[in-house]
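**Student:** One structure, pasted below without further comment.
The values are calculated or read from the model by the stated rules, or taken from the named source; none is laboratory data. All of these numbers come straight from a predicted model, not from anything done at the bench. Glycine gets a Cβ as well: all are built from the backbone with ideal geometry, and neighbour counts include every protein chain shown. SASA here: full protein model, heavy atoms, side chains in, ligands and nucleic acids out. Shrake-Rupley method; radii C 1.70, N 1.55, O 1.52, S 1.80 Å.
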Amino acid sequence: SCFLFFLVFYFMFSFLCIEICSDGSCASFHLLVGDSKRTIFKKDVQLPKKHGRGGQSQNRFARLREESRDWYTTEIAECATKHFIDLNTHKVNVKALIVSGSASLKHQVIKKLDPRVRGAIVSTYDIQYSGEAGFNQTLLLCESDLANCRYMFEKNLLNTFFKHISSDQGLYTFSPYDTLYALEAGAVENLIVWNELALVRYAMILPSTGATKIVCKEESLTVQNSEAGDENTWQVTESQPLLDWLLDHYQDFGSDVQLVSGNSALGAQFVQGFGGVGAVLRYPIEIPDGEGGSEEEEEEYEY
């Protein structure tokens, strides 16, 4: 069978996961900072398994197996000490520890942890998977322990947004045009924006008629400006990154704003599939078709 062990710690919005696999897989450390996950340590291992040989060799193989497990769990416990004990203060540098795994290997490692590290453990969980799948299962199981972390906050926020889309009751918008229209109409309850949004908001005017419009385009694109004295060409009167404009003005419309990353699966779906700008509405609102229709560039929005 597969034995694995996860040690997850959190401090403010930071998390770390250690995985041990005794079926010949590996040991790895996974770091979750806010809503970003990455592997910071990985060690391949080949531990002997149980076998059906009898006779005199049976005890010898059993002893070798136990010695290998003992050496392996000791090494991982020492690695945990190096990561979780501050060299300057000699104190544990994490707020809490969550341990998950299967069978007895998990408990063997816990027993060998430095008392300072072991004293920070608040919960243990049984899981069925190893690697990234095991890490994700651990995060699902310990949602109550991680209730105050940024990862869980963003996950719940985007789940709520996607549920509104699935229910199709009109309590959502996405894309810069629809979201800005709903925002200025006072219908947005919760504004959701990608924290690396690259769009720029341009305020424009047509001198001949005094008409105005707002154009949102990628910063790498250029907005056609008029030559001096040309009153029949749209002129740019103001430009500002859309993210900055939203952060400066969302309160003017009685809305809340939440920034999300594109690092998690839900965050990537929000950025790639919905343009990185969306909102949960107080009530349904009819949004007119965007000006220019299909003639607009893919990343250009006008209203």
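**Student:** From largest accessible area down, sort His30, His107; use a 1.4 Å probe on the protein chains. Can you show the working numbers first?
**Tutor:** On the way: His30 15, His107 95 Å².
Largest to smallest exposure gives the sequence His107, His30.
**Student:** Please find the FRET efficiency linking Leu64 to Phe41, where r is the Cβ-Cβ separation and R0 is fixed at 30 Å, and quote it to the nearest 0.05. Spell out each step's value before the answer.
**Tutor:** Working: r = 26 Å, r/R0 = 0.87.
Approximately 0.70, to the nearest 0.05.
**Student:** While we're looking at this one, here's another question. Lys and Arg at +1, Asp and Glu at -1: add these up for the other residues within a Cβ distance under 13 Å of Val117 and post the number. Intermediate values should be presented prior to the final figure.
**Tutor:** Numbers: positive: Lys82, Lys91, Lys95, Lys111, Lys112, Arg116, Arg118; negative: Glu78, Asp86, Asp114.
Result for the local shell: +4.
**Student:** A follow-up question, please. If packing is taken as the average count of other Cβ atoms within 10 Å, what order do 273-279, 209-215 fall into, highest mean first?
**Tutor:** On the way: 273-279: 22.3, 209-215: 13.7.
Ranked from most to least packed, the peptides come out as 273-279, 209-215.
**Student:** Around Val200, which amide H atoms from residues at least 5 apart in sequence, or from another chain, sit under 5 Å from its own amide H, with H modelled in the peptide plane?
**Tutor:** Long-range HN contacts for Val200: Lys217, Glu218, Glu219, Leu242.
**Student:** Would you work out which of Ser130, Pro176, Gly210 lies farthest towards the positive end of the dipole of the stretch 99-224, given +1 charges on the beta-carbon of Lys and Arg and -1 on that of Asp and Glu, about the Cα centre?
**Tutor:** Checking the options against the dipole of the stretch 99-224, the answer is Ser130.
**Student:** For the full complex of protein chains and a 1.4 angstrom probe, list Leu246, Leu140 by accessible area with the highest value first. It would help to have the intermediate numbers written out before the result.
**Tutor:** Values: Leu246 5, Leu140 100 Å².
Result, largest first: Leu140, Leu246.
**Student:** Put a dot 7 Å past each Cα toward the Cβ at Ala268 and Asn232; how far apart are the dots in nm?
**Tutor:** Between Asn232 and Ala268, the label points sit 5.0 nm apart.
**Student:** Taking θ as phi - 60°, what are the ³J(HN,Hα) couplings along the stretch 79-90 by the Karplus curve (6.51, -1.76, 1.60), each to the nearest whole Hz, with x for Gly and Pro?
**Tutor:** Once θ is set to phi - 60°, the couplings for the stretch 79-90 become 5, 4, 4, 5, 7, 9, 10, 6, 5, 7, 9, 6 Hz.
**Student:** How would Phe29, Phe162 rank on accessible area, largest to smallest, probe 1.4 Å? Walk me through the numbers before you get to the answer.
**Tutor:** Values: Phe29 0, Phe162 30 Å².
Result of the area sort, largest leading: Phe162, Phe29.
**Student:** Then there's this: Using 0.36 nm per residue of separation minus the Cα-Cα distance, give me the extension gain between Asp252 and Gln240 in nm, one decimal. Working shown, then result.
**Tutor:** Working: separation 12, 0.36 × 12 = 4.32 nm, distance 1.70 nm.
Result for the pair: 2.6 nm of gain on full extension.
**Student:** Then there is this: With +1 assigned to the C-beta of every Lys and Arg and -1 to the C-beta of every Asp and Glu, and no other charges, what is the dipole magnitude of the stretch 131-277 about the Cα centre in debye, to the nearest 20? Could you put the intermediate results ahead of the total?
**Tutor:** Numbers: 6 positive and 19 negative charges, 66 e Å.
Dipole magnitude for the stretch 131-277 comes out near 320 debye.
**Student:** May I ask for the net charge around Ala187, where only other residues with Cβ less than 11 Å from the Cβ of Ala187 are counted and Lys, Arg are +1 while Asp, Glu are -1? The partial results should precede the final answer.
**Tutor:** Working: positive: Arg282; negative: Asp178, Glu184, Glu189, Glu286.
Once positives and negatives cancel, what remains is -3.
**Student:** Past 26 Å, Cα to Cα, is the threshold; run Lys42/Lys106; Lys112/Lys155; Lys111/Lys155 against it and keep the listed order.
**Tutor:** Working: Lys42/Lys106 17 Å; Lys112/Lys155 34 Å; Lys111/Lys155 33 Å.
Pairs exceeding 26 Å: Lys112/Lys155; Lys111/Lys155.
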